[in-house]
Amino acid sequence: MIRDITLGQYYPIGSPIHRLDPRTKLAGTLIFIIALFVAKGLWAYIIATIFLGAVIRVSKVPLSYMVRGLKSIVILLLFSVVFNIFFIRDGVVLVQIGFITITAGGLIQAAYMAVRLIYLIIGSTLMTLTTTPNDLTDGLEKSLGFMKKIHVPVHEIAMMMSIALRFIPILIEETDKIMKAQMARGADFESGNLIQKAKAMVPLLVPLFISAFRRASDLAMAMEARCYHGGDGRTKMKPLRYQKNDKIAYGILLFFLVLMILLRLVG
Amino acid sequence: MSIRLEKIDYIYEPDTAFPVHATDHVSLTIHDGEFIGLIGHTGSGKSTLIQHLNGLIRPTSGKIYYNDKDIYGDGFSMKELRSKVGLVFQYPEHQLFESDILSDVCFGPKNLGLPKEEVERRAKHALALVGMDESFYGLSPFELSGGQKRRVAIAGVLAMEPEVLILDEPTAGLDPKGRDEILNQVKKLHEENQMTIILVSHSMEDVARFASRLIVMDHGKVQFDGTPTEVFRHYKELETMGLAAPQVTYLMHALKEKGWDVNLDAITVSQAKEEILRVIKKK
Ligand SMILES: Nc1ncnc2c1ncn2[C@@H]1O[C@H](COP(=O)(O)OP(=O)(O)O)[C@@H](O)[C@H]1O
Ligand SMILES: [Mg+2]
């Protein structure tokens, strides 16, 4: 159910990917996404698949864990596939009924599009699964540090992002609890028409919002009690430093990106 | 009336690297009119177990019978089960959502599809049972103290007029006064309304005072099931499970070691007092 949303959840297990510098993983995700958009032709997709498969393997996160996260984008996926099948007219016409035309080119494009979306989600899920929220903030903050010069509050933004990410699983758990508590009082979240369903959400949403505010204010209090005052003059207990593995990772990533670009130019 | 559990197994997150075996082959029968204390260390599977009793979670394997009917069998009404077996979650005040107390307590009976007058009658009756009079009806839940909020939430379940009332750590986070108020009201419900009660707790002192049967859980398994006196005889084993027998159990054992001829089965302070006085008089 709603527990299937895996984005923003950390999967605590030791692996070479987990130990990489968060900046490497952020850059890696970005490079992977760029590569996906550069990708063209069957070979490019095969290489991307091998690359992603290898990274997942090394990360030791079970594939099923990531596939579950995909369930939440099934609708988006279907939509884009259908859109591609019906509206791209390219190549041999396979089916023609009235105004519906399905072409071979359309089918291939649709398949590529679906793969691209799936890989995109898996790639970014993999990053959050292997990086603790704390590391993620540190990484973001340091990577975007140059923007401080133009008065972008990088530290604050990074902090807010990591808190938001951290709150996703907490709120999911909370939703589950409140739903059960209301079901114990006879609430029914499943049957009825759209309006009845929307009305049935009130006993869930009100306590959920109250609880989110309560948690937020508790957190703010706890941060203040430990003298948190934003990013100025703040030093790190464990400053980020690139290791040998990071250099290797960057090497592999660049090689992968160049390969994808070359395949596009050639193909 | 009875609830019977047969080999209930429940596994959280079964297809991940960290499946949690929360209940492990639990078999139990809960009879009419019992006052059961369900105790166990945090994470021993108490909350998981009780959610099976009104069909909120479905066991990975095992069967649940309510009055000898399989609750996952054909034609079994889950709605009716939930109205007969009332479950009050831990921190139930977090589920309050209406702008005034009376409406919130009406939520349960309203879901049962009762006529409006009956809904209100039940809600008012339930509020009276937890000791909240008319002056509270129009207040917002936010205007109440922690203990009062919790009593309103308990009334929310009582308004469905269940035959079995399950309370998951109803005293967690309350001060001693709030705790005693809640426990005494639960006791009253049991004595005056003949309700079957299951009280989940990790405080031995709380349950020892009221329960006539104790079920001790550890690592998802039922370790002991019997009267408080029987269970507390195993006080050494209870300690290895991160639990402790009531303080007086230790006192009585210490006295015995010093050569006092006390009966070790005293479990409440007043029983201990009687017992010690008896021995002193004999001396
Ligand atoms: N929603 C959940 N998802 C995953 N694991 C859970 C969930 N709820 C409880 N658990 C785990 O199941 C075990 C039993 O928990 P619980 O029934 O809440 O115990 P208790 O109420 O005795 O403290 C614990 O190890 C707990 O971490
Ligand atoms: Mg619990």
Hits in region B:83-131 - residues which are closer than 16 Å to B:Q148 by Cα, not in a helix (DSSP H, G or I) and not hydrophobic (A, V, I, L, M, F, W, C): B:Q90, B:Y91, B:E98, B:S99, B:D100, B:G131
Matching helices (runs of 4 or more DSSP H) fully within region A:184-267 where at least 3 residues are within 30 Å of B:Q51 (Cα to Cα) and of a type outside the set (V, I, T): A:194-200, A:202-225
Failed condition for B:E13, given (1) touching a residue at least 24 places away in the same chain (Cβ under 8 Å); (2) within 16 Å of ligand 1 (Cβ to nearest atom): (1)
Residues of region B:22-40 that turn out to be buried (at least 16 other Cβ atoms within 10 Å of the Cβ) and either of a type outside the set (D, E, K, R) or within 14 Å of chain A (Cβ to nearest Cβ) (or both), as a count: 11
In region A:169-196, the residues that are surrounded by 15 or more Cβ atoms within 10 Å (Cβ to Cβ) and either modelled with pLDDT under 85 or β-branched (V, I, T) (or both): A:P169, A:I172, A:T175, A:I178
Residue within region B:46-55 that is under 18 Å from the mean Cα position of the chain (by Cα), within 13 Å of chain A (Cβ to nearest Cβ), within 16 Å of ligand 1 (Cβ to nearest atom) and of a type in the set (V, I, T) present: yes
Flag if B:S83 is among the hydroxyl-bearing types (S, T, Y) and within 16 Å of ligand 2 (Cβ to nearest atom): no
Residues of region A:150-178 satisfying the condition of being within 16 Å of ligand 2 (Cβ to nearest atom), under 15 Å from A:R215 (Cβ atoms) and not β-branched (V, I, T): A:E173, A:E174, A:K177
Any hit, region A:65-83, residues being in contact with a helix residue (DSSP H, G or I) (Cβ under 6 Å, 6 or more places away or on another chain) and on the phi > 0 side of the Ramachandran plot: no
Subset of region A:211-267 [hydrophobic (A, V, I, L, M, F, W, C) and exposed (fewer than 11 other Cβ atoms within 10 Å of the Cβ)]: A:F213, A:M221, A:A222, A:A225, A:C227, A:M237, A:L265, A:V266
Members of region B:256-279 that are crowded, with 17+ Cβ neighbours inside 10 Å, over 17 Å from B:S201 (Cβ atoms) and in contact (Cβ under 8 Å) with a residue 24 or more places away in the chain: B:A272
Unique match (being under 26 Å from the mean Cα position of the chain (by Cα), aliphatic (A, V, I, L, M) and at pLDDT 90 or above) among A:L240, A:L165, A:L205: A:L205
Hits in region B:79-103 - residues which are facing another protein chain (nearest Cβ under 9 Å) and of a type in the set (A, V, I, L, M): B:V85, B:L87, B:V88, B:L96
Some residue of region A:27-49 being at pLDDT 90 or above, over 18 Å from A:I118 (Cα atoms), of a type outside the set (D, E) and not in a helix (DSSP H, G or I): no
Cβ-Cβ under 6 Å pairs, at least 6 apart or on other chains, region A:5-22 side within 14 Å of chain B (Cβ to nearest Cβ), far side part of a helix (DSSP H, G or I) and modelled with pLDDT of 85 or more: A:T6/A:T125; A:Y11/A:L129; A:S15/A:S59; A:H18/A:T130
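The values are calculated or read from the model by the stated rules, or taken from the named source; none is laboratory data. Not measured: the values here are computed from a predicted model. Note that we place each Cβ from the backbone using ideal geometry, even for glycine, and neighbour counts take in every protein chain shown.
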